[in-house]
1. Say each of ILE241 and ALA109 gets a label point 7 Å from the Cα, pointing the same way as Cα to Cβ; how far apart are those two points in nm?
2. Among the lysines, which have Cα under 23 Å from the Cα of LYS146 when same-chain residues fewer than 8 positions away are ignored?
3. Roughly how many Å² of TRP325 are accessible to a 1.4 Å probe, to the nearest 10?
4. Translational D (Stokes-Einstein, µm²/s) of the range 277-367 at 4 °C and 1.567 mPa s when Rh comes from the Kirkwood sum over C-alpha pairs?
5. For HIS311, which sequence-distant residues (separation of 5 or more, or a different chain) have an amide H within less than 5 Å of its own amide H, given hydrogens modelled in the peptide plane?
6. Could you work out how much longer the chain between ASN248 and THR58 gets when fully extended? Use 0.36 nm per residue separation minus the Cα distance between them, nm to one decimal.
Amino acid sequence: MSGDVNPYANRRQVAYWHMLSRVFNTEEQPMLEAGAVDVSESVDLSPAILDPHSSVDTIVQRFPELAGEFDGLLAPDENDGSDVGETEVRRAILASKLLANVFNTGSGAVDAGQLARWQKDAAWFAAAVGETAEGLKHGPRADMAKTLAEIEAGLVSRMRLREVLADPTLAAQLTPSMSLVEQLLRDKHNLSGAALANAKALIRRYIDQVAEVLRNQVESASTGHIDRSTPPKRVFRNLDIDRTIWKNLTNWDPEKERLYVDRLFYKQTARRTTPARLIVVVDQSGSMVDSMVNCTILASIFAGLPKVDVHLIAFDTRAVDLTPWVDDPFETLMRTNLGGGNDGPVAMAMAQPKISDPRNTIMVWISDFYEFNRSQALFEGIESVHRSGTTFIPVGSVTSSGRNIVNPWFRQRFKTLGTPVVSGHITKLVNELARFLT
C-alpha cells in the first residue's frame, strides 16, 4: 500500500547512521550497534562484517561471494531511492563497512600491519568507485585520491617508522607509497644498518613502480612526427602495397588477369628528431616533495631518449646540480635534502649557464613560486631566459593527483609573458615535453 512505510528503507537508514557513528564518534553506540546487527542478519549478511577491526580482505577471505559486491559498490546507483529493497540494504551495509574502514583511522600509534591493512582497504575503495588505485589518481576523482593520500600520510606520521624499518619482518609488511617515501627521504640521515637498507629497498620499489607508469606515458606521447621532407627509403619493408596497387590499376590486363606495375610507392617512416637540451629545475622545499620524486623519475626517463641532453637541478635555499646522477632516480633522491624554503634566483644562477643553444633548449621550472622576498629577481631571470629563445615551461607542481598550487603574483606574470603555468598533472607535463622533444 502507498501509505505503508518501506521496512528496507528504514534498515538502510540504520546502516548509514551506524557508519556515521563509527566515523565521527569513536565511542560505541549500543543501540546503533544492535540495530546494525539486526539489519545485517535481515539481508543474510554475517554480523562479522561489522567488526571494526577486520579489513575488507579478511571479510572477502571468509565470505568469497562478497568480492563481486564490493567491486563497483560506490558507483552511481540507478535506483532513485523510491524503491528500496534487500539489494539496496546489502549495499548500504557493505558500503558502511568500507567507508568506516577507510575514513575512520582512529588515533594513537600505528604499526606496519595497520598501515598495510588500510592500504588494501583503500584499494578496495578505489575498486568500489570503479577505478584502479592508479586510475583514481589520474581520473576525474583526483580530489578523492588527494584525500586518501592525506589520510595515508597521517597514518605514516603516527608510525614508529625507525623501529619498523629495523625489523625485517615488520618492514616486509610495508607497501611503498608517496607518503611513506616522503617520510623515508626526510629521515634517511637518521637511519643506519638494517633500517637504512630496508628504507632504500622501499624507495627503490616505489621508484620502479612509478617509473613503469611514466615510461608508458612517455612512450605513447613521444612517438615523433613523420618527416614529410625526407624521401622514403626504397626498401621492401617500406613498400606501400595498397597505394602501389591503386596507382597502377590503369595497367590491369583483363584478358590475362594481371596487373602490370611500372611504379612503386613507399611509405614515409622517417621521424623528425630534435637534438635538445632539457633543463629541469625542481623546488625541493617541504611542500613540493611529491614533485621532486615524480620529476626525478621523469627526468631519468627522458634522459634515456636518443639525442636528449637532460640536466636536473634541485633547490630550496640552496641549489644542487644532480645531473651526474640523472640516469638513476634512486641515487638522485638519496642526494636530496628535502625541506627548507625557496630561493629561486640561486637555482637560476646555476641553470642559466647551461643554456648554450637557446632555440634548442627547454627549461622546466617546477615550484609553487612562493619566494622569500626575491620574487622580482627570479622573474627577471625567467624573462631573460624567455627572451633568449629558450622554451620556458612553469609548472605549479607535478603530482599524481594533479594538485596545482602557484603564487598568484607569478601566475599572472607568466600569463602576461605568454608562458602560462602548466597544469600540475604529470601526464600534462609528459605531453608538453614530448611535443618539444620529438
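1. Spacing of the two 7 Å Cα→Cβ label points: 7.1 nm.
2. LYS97, LYS120, LYS137, LYS428
3. Per-residue accessible area (TRP325): approximately 90 Å².
4. For the chosen part, D equals 101 µm²/s.
5. LEU278, ILE279, VAL280
6. 61.5 nm
The values are calculated or read from the model by the stated rules, or taken from the named source; none is laboratory data. Given the structure is predicted, the values throughout are model-derived calculations rather than measurements. Every residue, glycine as well, gets a Cβ built from its backbone with ideal geometry; the counts of neighbours run over all protein chains shown. Surface areas here come from the heavy atoms of the whole protein model, side chains and all, with no ligands, DNA or RNA. Shrake-Rupley method; radii C 1.70, N 1.55, O 1.52, S 1.80 Å.
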